[in-house]
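Some notes on the structure that comes next.
The values are calculated or read from the model by the stated rules, or taken from the named source; none is laboratory data. Please read these numbers as outputs of a predicted model, since none were measured by experiment. As a convention, Cβ positions derive from the backbone with ideal geometry for all residues, glycine included, and neighbour counts pool all protein chains shown. In case anyone asks, the SASA skips ligands and DNA or RNA and just uses the protein heavy atoms, side chains included. Shrake-Rupley method; radii C 1.70, N 1.55, O 1.52, S 1.80 Å.
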Amino acid sequence: MSELTPIPFDVIGFDLDGTLLDTAGDLAAALNHALVLAGRQAVSLDTARTYVGGGTRVMLMRALEANGGALPEVEVDALLPQLVAYYEAHIAVHTQPYPGMLAMLDALDARGVKLALVTNKLEHLARRLLGELTLTKRFYTIIGGDTLGPGRAKPAPDLLHLMVERSGLASPRVAYVGDTSYDTRAAHAAHLPVVAVSFGFTDAPLQTLNPNAIIDHFDELVPALQGLAINV
């Protein structure tokens, strides 16, 4: 067997929704459940995709604002647990890994890279979903949007700082992979190079987010990482 070509990173962190997994179908079903409870019209799958990226609450608020107008915060507070409960009960009905994702994780693992999951999804939902898809053991840490409390989710760099801290490595070389402005802004704020995937729930033209690289398929991730300048 030929020797694997190395990559210049010790740790790679990944976003979840729209990056590793296409979760749009299950998120749309939960969102529509909440919208109907609020007396609003259900939205299409393509429309629901445009609301994903900032976590469950942001998704709901975006959908409400675009479909009849924002609700008072107290009503959003009452509606959100119903959305979350529905989603948790139907969390892996339609969700699938993006093409090449499992082989890509294998390729990084074979190179001795430590893998982390850093998402704005509530941590217990991220853990539930990864467990359903038998992916939990792939990651040395699973960090959710609520792991550090309010105000510290992406695009703040706090979750990525925690990812680095939990690696247990001294001065590790770290990169992050995501699909939205929340991911690129968090990586820039944490002074980490970032790879953007073009197939996710992108909320802006990727070039405007200034990622260090853009990939169209996970087959391209290892070569993209090999080509990145170290910026940590």
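Quick notes on this structure:
- Residue ID - most open to solvent (accessible area, probe 1.4 Å), chosen from residues in segment 98-124 that are in a helix (DSSP H, G or I) and in contact with a strand residue (DSSP E or B) (Cβ under 9 Å, 6 or more places away or on another chain): D109
- Test: T23 is open to solvent by 70 Å² or more (accessible area, probe 1.4 Å), touching a residue at least 24 places away in the same chain (Cβ under 8 Å) and under 22 Å from the mean Cα position of the chain (by Cα): no
- From the options D183, D158, D179, D146, residue that is touching a Ser or Thr at 6+ places or on another chain (Cβ under 7 Å), closer than 18 Å to V118 by Cα and of a type in the set (D, E): D179
- For segment 193-231, the set of residues classified as among the aliphatic types (A, V, I, L, M) and free of Cβ contacts under 8 Å to residues at least 60 places away in the same chain consists of V194, V195, A196, A204, L206, L209, A213, I214, I215, A224, A229, listed by residue number.
- For segment 157-182, a residue qualifies if it is of a type in the set (S, T, Y) and open to solvent by 10 Å² or more (accessible area, probe 1.4 Å), and the qualifying residues are S171, S181, Y182.
- In segment 65-80, residue surrounded by the most Cβ atoms within 10 Å (Cβ to Cβ) [restricted to those that are within 23 Å of T47 (Cβ to Cβ), free of Cβ contacts under 8 Å to residues at least 12 places away in the same chain and not acidic (D, E)]: A70
- Filter result for the condition that a residue is assigned to a loop (DSSP other than H, G, I, E, B) and either of a type outside the set (K, R) or over 20 Å from the mean Cα position of the chain (by Cα) (or both), over V84, V74, V93: V93
- Matching entry among R57, R62 (being of a type in the set (D, E, K, R), assigned to a helix (DSSP H, G or I), under 27 Å from A187 (Cβ atoms) and open to solvent by 70 Å² or more (accessible area, probe 1.4 Å)): R57
- Contact map, segment 125-144: residues that are closer than 18 Å to I12 by Cα and open to solvent by 40 Å² or more (accessible area, probe 1.4 Å) paired with residues that are in a helix (DSSP H, G or I) and acidic (D, E), Cβ distance under 8 Å, separation 6+ or inter-chain. Pairs shown: R138/D109.
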